[in-house]
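Input: a single structure, listed below in structure tokens.
The values are calculated or read from the model by the stated rules, or taken from the named source; none is laboratory data. Here the structure is a predicted model, which means the values were calculated and not measured. Positions of Cβ are generated from backbone atoms using ideal geometry, with glycine treated the same way; all protein chains shown enter the neighbour counts. These area figures cover heavy atoms from the full protein model, side chains too; ligands, DNA and RNA do not enter into them. Shrake-Rupley method; radii C 1.70, N 1.55, O 1.52, S 1.80 Å.
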Amino acid sequence: MTLLYFIIAISILVVIHEYGHFWVARRCGVHVLRFSVGFGKPLWSIRDKRGTEYSIAPIPLGGYVKMLDEREAPVPEHLLDQAFNRKPAWQRIAIASAGPVANFLFAIAAYWVLFMAGTTGVVPVVGAVSENSPAAVAGLKSGDEILAVNGDETTTWEQVSWELISYIGEDATITLTVRGDTLVEHSVNIEVTAWLAGADVPDPISGLGIEPRRLTIPAKLGQIVDGSPAQAAGLQVGDLVVAVNGEPMADWSQWVDAVRVAPNQPLQIDIRRDGQLLDLVLTPERTTLADGAVVGRVGAGVEMPIIPDDWLRVSRAGIIDGFALGVSKTSDLIGFTLESLWKMLAGDLSVKNLSGPITIAKVAGASASSGLESFVGFLALLSVSLGVLNLLPVPMLDGGHILFYLAEMLRGKPLPERLQIAAVQVGMFLMLSLMLVAFYNDISRL
């Protein structure tokens with residue numbers, strides 16, 4: 001399913017990006033030879049009355065729009081006016097820019113729909129503050145609700161995270177407007193220096209020493225795997241684990257810890273079922289994790305409690321406000337992506353934050369399983385990243401082509417072919433290096 005959702009996500013964004021190129025190329029009078037989703041020999045194709053072939057290829061890591069161009073193949077004289085290379089530089093710039101612009105427009109539309117449909121988030125109430133952490137030194141307390149970060153309103157933990165993330169790698173004073181038990185608003189000034197600069201996967205909330213308020217999850221079984229030790233011991237869905245070897249179980253986490261440290265060791269467990277207390281003997285099976293650790297496992301899943309309504313905040317916007325919020329969210333993401341790339345180049349942010357197709361696939365699967373709202377939000381975020389990446393002034397990318405055409409407009413003639421070839425080779429080396437780093441990061445996270 002992860003692979004399926006990855007293919008769906010990439011295919012949607014490729015179609016949007018390439019359709020941008022395709023639509024503007026047609027409007028500029030350029031003949032499009034092929035519109036391909038995926039790379040490689042086409043698995044399926046169809047041709048329209050204008051002679052454009054639409055195809056689906058087996059490698060779902062991108063796509064392309066192939067246009068009539070004298071630099072790639074001879075062009076019949078009667079079609080020269082439809083060749084890409086014969087069009088004015090400004091039209092070629094428009095065609096190259098159209099793909100990223102389509103990605104940004106899709107993100108705006110996606111967020112517009114999400115904001116009108118309504119978004120749900122968790123109210124940002126602090127659960128715990130780590131001792132001697134930046135937040136603790138500044139005086140933040142358990143139970144405080146974070147109302148704003150440096151003056152920008154925050155109604156959910158997601159908004160708090162997005163406001164904080166822009167300070168990663170910086171020396172800054174982060175001012176939180178909070179409301180405690182007394183219901184009086186006050187400010188907390190948190191000083192950070194080179195904040196989370198070396199973190200492989202920086203978490204801005206825990207990086208301040210803050211732990212969000214969390215539900216206490218009882219050790220109540222919501223799933224029993226067939227053929228598992230839990231089933232063999234007689235455990236059933238709905239059982240509440242009260243004690244293990246005489247030690248009371250306060251929550252699910254304590255129950256998991258008791259099982260993990262006892263591979264192949266019989267455990268005397270007390271459970272409550274339908275109001276009655278029962279004694280059972282459970283022997284966790286021995287399991288070796290990827291890092292070599294040996295733990296116990298019984299094959300039982302948790303019954304998740306319902307989150308109280310007052311822990312959640314639902315917001316909906318009208319048509320106009322929703323559109324404005326969609327534009328604002330997309331522009332914020334563009335700025336954040338560019339800022340993050342700059343911080344990586346400057347060494348203020350670890351390159352281990354780069355992600356490749358494996359991580360994208362995992363996130364696509366996780367977001368899809370969380371619901372349509374989460375998956376659409378992921379698509380919008382990925383669409384913005386794709387648009388920004390393609391606009392970078394690197395040969396091979398749309399931004400590199402735009403740079404060539406701008407130089408042509410300034411010079412009055414194209415750049416020397418030898419220079420363009422050399423620039424493309426450099427661009428190819430940079431992109432391959434970037435892909436290798438991203439793949440390495442993906443594999444190291446498995």
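Side notes on the structure shown:
- Cα lying deepest toward the dipole's positive end in the chain, options Trp255, Ala346, Leu382, charges on Cβ: Leu382
- For the chain, share of DSSP beta bridges that run antiparallel, in % to the nearest 5: 95
- Proximity of backbone amide H atoms, modeled 1.01 Å from N, is registered between Gly143 and Val126, Gly127 at under 5 Å, excluding neighbours fewer than 5 places apart on the same chain.
- The stretch between Ala194 and Val242, if pulled fully straight at 0.36 nm per residue, gains 12.7 nm over its current Cα-Cα span.
- Using alpha-carbon coordinates, inclination of helix 372-391 to the longest axis of the chain, degrees: 40
- FRET efficiency, 1/(1 + (r/R0)^6) with R0 35 Å, evaluated for Ser370 and Thr283 via beta carbons: 0.55
- Probing with 1.4 Å while keeping every protein chain in the model, the per residue accessible area of the chain equals 54 Å².
- Within straight-line cross-link reach of Lys220, lysines at Cα separation under 29 Å, skipping those fewer than 8 residues along the same chain: Lys362
- Full-stretch length increase - Ile319, Glu131 - with 0.36 nm per residue and alpha-carbon distance subtracted: 63.1 nm
- From phi via Karplus (6.51, -1.76, 1.60), per-residue ³J(HN,Hα) for the range 395-407 in Hz, x at Gly/Pro: x, 4, 8, 4, x, x, 5, 4, 4, 4, 5, 5, 4
- Cut-off 12 Å between beta-carbons: net charge of the residues surrounding Asn103, Lys and Arg +1, Asp and Glu -1: -2
- Split the accessible area of the range 220-302 by element, probe 1.4 Å, and carbon with sulfur accounts for 47%.
- Under 14 Å of direct C-alpha separation, and excluding same-chain neighbours fewer than eight residues apart, Lys141 reaches these aspartates and glutamates: Glu131, Asp181, Glu185, Glu211.
- Straight-line cross-link partners of Lys41 among the lysines, defined as a Cα under 20 Å from its Cα and at least 8 positions apart when in the same chain: Lys66.
- Once both labels are positioned 7 Å from their Cα atoms along Cα-to-Cβ, the gap between Leu79 and Arg179 label points is 6.7 nm.
- Close amide H contacts of Asp69 (hydrogens built in the peptide plane, cut-off under 5 Å, sequence separation of 5 or more or a different chain): Phe84.
- Heavy atoms of Thr120: accessible area, 1.4 Å probe, square angstrom to 10: 80
- Rounded to the nearest 10 degrees, the inclination of helix 357-370 to the longest alpha-carbon principal axis of the chain is 60 degrees.
- Label zone at Glu158 (point 7 Å along Cα-to-Cβ), backbone N below 20 Å, the range 103-126: 104-126
- Residues Ala407 and Glu211, FRET efficiency given R0 of 45 Å [Cβ-Cβ distance, rounded to 0.05]: 0.30
- Rolling a 1.4 Å probe over the protein heavy atoms of the range 53-92, with every protein chain left in place, gives an accessible area that is 57 percent carbon and sulfur.
- Alpha-carbon Debye profile of the chain, log10 I(q)/I(0) at 0.12 Å⁻¹: -1.19
- Percent antiparallel among DSSP beta bridges (both partners in the range 1-114, rounded to 5): 70
- Acute angle (nearest 10 degrees) that the helix 2-27 long axis makes with the longest principal axis of the chain, alpha-carbon atoms: 30
- Positive-end extreme of charge dipole, the chain - chosen from Thr177, Gly399, Asn245 (charges on Cβ): Gly399
- Share, in percent, of DSSP beta bridges within the range 220-302 that are antiparallel, nearest 5: 100
- The chain: calculated mean residue ellipticity at 222 nm from DSSP helix runs of at least 4, using -39500 (n - 2.57): -14000 deg cm²/dmol
- Distance between the modelled labels on Ala172 and Leu436, one decimal in nanometres: 3.4 nm (7 Å Cα→Cβ projection).
- R0 of 35 Å, Cβ-Cβ distance Leu341-Val113: FRET efficiency to nearest 0.05: 0.80
- Calculated diffusion of the range 211-319, Stokes-Einstein form, Kirkwood radius summed over Cα pairs, 25 °C and 0.890 mPa s, µm²/s: 160
- Kirkwood-Stokes translational diffusion coefficient of the range 95-252, alpha-carbon pairs, 20 °C, 1.002 mPa s, µm²/s: 111
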